[in-house]
Amino acid sequence: MATFQGDLPDLTQPDLAQTKPPKGNGLASVYIETYGCQMNVYDSQAINGLLEDAGFDIVQHDLEADVILLNTCSVRDLAEHKIFSRVGDLRHRRTKTELPQPVIGVCGCMAERMGKDLRKGQRRVDLVVGVDNYDTLPDLLGKLTAKTISPHAHDERTVTGHRSDAHYVAPPSLYPVNNSHLVTIHKGCDYKCTYCIVPYTRGPQSEKSPEAIVAEIAGIVAGGGTEVTLLGQNVTAYNWQQDMDFAKLIEEVAEIDGLERIRFLTGHPTDMHPHLMDTIGRLDKVCPWLHVPVQSGSDRVLRRMKRLYNSTGYLEMVEYAHKVIPDVTFSTDFIVGFPGETEADFQDTLEMARKVKYDQAFCFKYSERPGVPAAKLDDDVPDEEKKRRLAELLAVQEETWNAAATACVGQVWTGVVEGPARHQDQRDKGPSWRLRTANNRKIIVHGGDFEVGAEFTARINGYKNTSFLGEIQD
Ligand code: SF4
C-alpha cells in the first residue's frame, strides 16, 4: 500500500536507526510515496500491483526499502519544491544509519515535465519514469538494483513520453480509499486551460474502453466492493469512439449487480449537459454530488483562463442540477490572483461562492507553471494581495457553509460507514465513526461498533468544520 507524506516514521526513535536492512532475496524491496491527486493514488496502486506481480516486495517505510519511488505532482510550484527537499531528506536519513543509499526514482507529473533535468544537480535522482511508462519499472528496477545500468546511462534511466495505449489497472484488493474503489476511466485532458500543466504532463485525453471499465468494476464487486469513484481529469468529457459519452457509460456501470453507489471526479462545467444531469438524477446508484471546478466568478478571467463557459452558464447548470438531481450538493476549485484579476473580478468570484453555496471549495493562489500559455501573461497580482484574496474567499466560503450546515440540524440522513473518525475526541462516548451520505456529506457518530460499508440513519445534531455530528436512529 503506497504511503502518504504524513505517515512517515520519526527517525529520532532509536529503534528505527537499527531498522532491519533490506531483504537479500534477490528481488528488491520498494517503498512508494504518493503526492497530489486521486489519479496519482490510483497510479501508485497500479505500480504496487505491477511490482508485486513481478516479485518485488512492497514495504511501508523508506528505511526498509532498496528502492524509493516518489509519485509526484506538478500542479503548483510548491508541490515540486516539496519533492526536491524530500529527496535530500531521504538521502540524509540514510546517512544516520548503516543502511546503503536507496535507489530513488521520480514518477508522475514531475517526471513527465522535467525528464532528464531530474538526473542533474545535488538532488538528482536515479530514475525518472513518466505517467505512461510504469510497465517499464519491473525491468528497470531489476537492472538498477543489480547495478547493471551505468550511473551515466541517462537515456536508460529516463523513460517518459505519452502513450495513448497505456492504461493501468490497479488491483482492487489493495484498498479502498474511504470505502470507495477508484477506477480511472480515462487519462489526460483535451482542454487547454491557460494556467494548467496537466495537458503537458498527462497528455491528450485517452479513454479506457467501456468493456475494460465494466470488467474492472465487476472484479471489484466480486471482491466485495460496493462503491466506485470513476476518476479522470475530466470524466464528464468521456466519449468512447465518439459513440459512448459519460451519461451512457454510467448507465452501463449502474447495470452491474452488487454495485450500490457510483461517484465520479472531476466534472467540467462545459460537459455538464442537461441529458447527463437527467441521467444522474434518474439513476439511484449515482451519488448526487458534483465536483465541478469553477475557478473564477469573473467572465473576463474565465475567458483569459480559456475555461469555455461564463458565470451565467455555470449558474444555469447549477440551477438545472437542483431541479433534476434530488439532494444534489456541489464542491469546486477556485483560483485567486490570476494574471490581470482586478478587485471587481475578485468580487465576482466571492459572489459566485455566495450564490452556489458549495459544501466544499478548494481554493488556491495562482501559481505560474512553466510552459503553459498563462506563463506569457504578467503575473501582476502581488503575493500579499493573493494571500488577502485567498483569506477573504475562505472566509466567505466558511460563512456560506456555516449557514447551510446550521439549516441541516434536526434532519435525518442515511450514511454508509467509512471507518473510524480521524479525531477520536469524545472517548467518554466510545469510539467515533465516520459515515458518508450519498451526496458526500460526512457524519460523525459516537459509540458502538460499526462495520465498514454498513448503512445507518442518523439525526443531525450539529456540525464541526466540514463534518456533521449525528446520532444513530434505530
Ligand atoms: S480541464 Fe483545464 S484545468 Fe482541468 S485538467 Fe484540463 S486543462 Fe487542466
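Considering only His268, Val372, Pro204, the residue lying farthest towards the positive end of the dipole of region 172-407 is Val372, judged by Cα position with unit charges set on Cβ.
In a fully extended conformation the segment linking Gln101 and Lys355 would gain 86.0 nm over its present Cα-Cα distance, using 0.36 nm per residue.
Tell me the angle of helix 343-356 to the major Cα principal axis of the chain, expressed in degrees between 0 and 90 and rounded to the nearest ten. Between the helix axis and the principal axis of the chain, the angle is about 70 degrees.
Can you work out the FRET efficiency for the pair Lys120 and Ala254, with r the C-beta to C-beta distance and R0 = 45 Å, to the nearest 0.05? Approximately 0.35, to the nearest 0.05. Across region 462-473, coupling constants 3J(HN,Hα) worked out from phi with the 6.51/-1.76/1.60 Karplus curve, θ = phi - 60°, read x, 8, 9, 6, 9, 10, 8, 10, x, 10, 4, 9 Hz, and Gly and Pro carry x. Using C-alpha pairs under 8 Å with a sequence gap of at least 6, the mean separation divided by the residue count of region 172-407 gives a relative contact order of 17 percent. List the residues of region 329-360 whose backbone N lies under 13 Å from a point placed 7 Å from the Cα of Glu399 along the Cα-to-Cβ direction. Residues passing the 13 Å test: 347, 350-355. Charge tally around Val106: other residues with Cβ under 11 Å, Lys/Arg +1 each, Asp/Glu -1 each, net +1. This model, with +1 at the C-beta of Lys and Arg and -1 at the C-beta of Asp and Glu, gives the chain a dipole about its Cα centre of some 1180 debye. Placing +1 on each Lys and Arg Cβ and -1 on each Asp and Glu Cβ, with no other charges, gives region 412-472 a dipole about its Cα centre of roughly 280 debye. Working note: Karplus 6.51/-1.76/1.60 with θ = phi - 60° gives region 378-391 the couplings 6, 6, 8, 8, x, 4, 4, 5, 4, 4, 5, 5, 4, 4 Hz, where Gly and Pro are set to x. Working from the alpha-carbon coordinates of region 172-407, get Rg over Rh, Rh being the Kirkwood radius. Rounded to two decimals, Rg/Rh equals 0.98.
Compute log10 of I(q)/I(0) for the chain with the Debye formula, placing one identical point scatterer on every Cα and leaving out solvent, at q = 0.06 Å⁻¹, to two decimals. Normalising to I(0) and taking log10 leaves -0.29.
Heavy-atom surface analysis with a 1.4 Å probe gives the chain a carbon and sulfur content of 52 percent of its accessible area. The stretch between Val177 and Asp428, if pulled fully straight at 0.36 nm per residue, gains 87.5 nm over its current Cα-Cα span.
Calculated FRET efficiency, Thr136 to Glu368, Cβ-Cβ distance, R0 = 25 Å: about 0.20 to the nearest 0.05.
Here the dipole of region 312-406 is about 260 debye; that uses its Cα centre as origin and unit charges on the Cβ of Lys and Arg (positive) and Asp and Glu (negative).
Under the definition of Cα pairs under 8 Å and six or more residues apart, what whole-number percent is the relative contact order of the chain? Working shown, then result.
Working: 911 pairs, mean separation 43.6, N = 474.
RCO, the chain: 9 percent.
Of the trypsin sites (Lys or Arg not before Pro) found in region 282-319, the ones in coil according to DSSP and having at most 15 other Cβ atoms within 10 Å of their Cβ are Lys306. For the chain, the cysteines with no partner cysteine C-beta closer than 4.7 Å are Cys37, Cys73, Cys107, Cys109, Cys189, Cys287, Cys363, Cys408.
With the contact rule set at Cα under 8 Å and sequence spacing of 6 or more, what percent relative contact order holds for region 82-233?
Numbers: 195 pairs, mean separation 30.8, N = 152.
In percent, rounded to a whole number, it is 20.
Accessible surface area normalised per residue over the chain is 44 Å², counting heavy atoms of protein chains with a 1.4 Å rolling probe.
If the chain linking Thr414 and Asp379 were pulled fully straight, counting 0.36 nm for each residue of separation and taking away their Cα-Cα distance, it would gain 7.9 nm.
In whole angstrom, note down how far apart the Cα centers of region 281-357 and region 213-230 are. After rounding, the separation between the Cα centres reads 31 Å.
The values are calculated or read from the model by the stated rules, or taken from the named source; none is laboratory data. Please read these numbers as outputs of a predicted model, since none were measured by experiment. Heads up, the Cβs are rebuilt from the backbone with ideal geometry, glycines too, and the neighbour counts pull from every protein chain shown. Quick note on the areas: whole protein, heavy atoms, side chains included, nothing else; ligands and nucleic acids left out. Shrake-Rupley method; radii C 1.70, N 1.55, O 1.52, S 1.80 Å.
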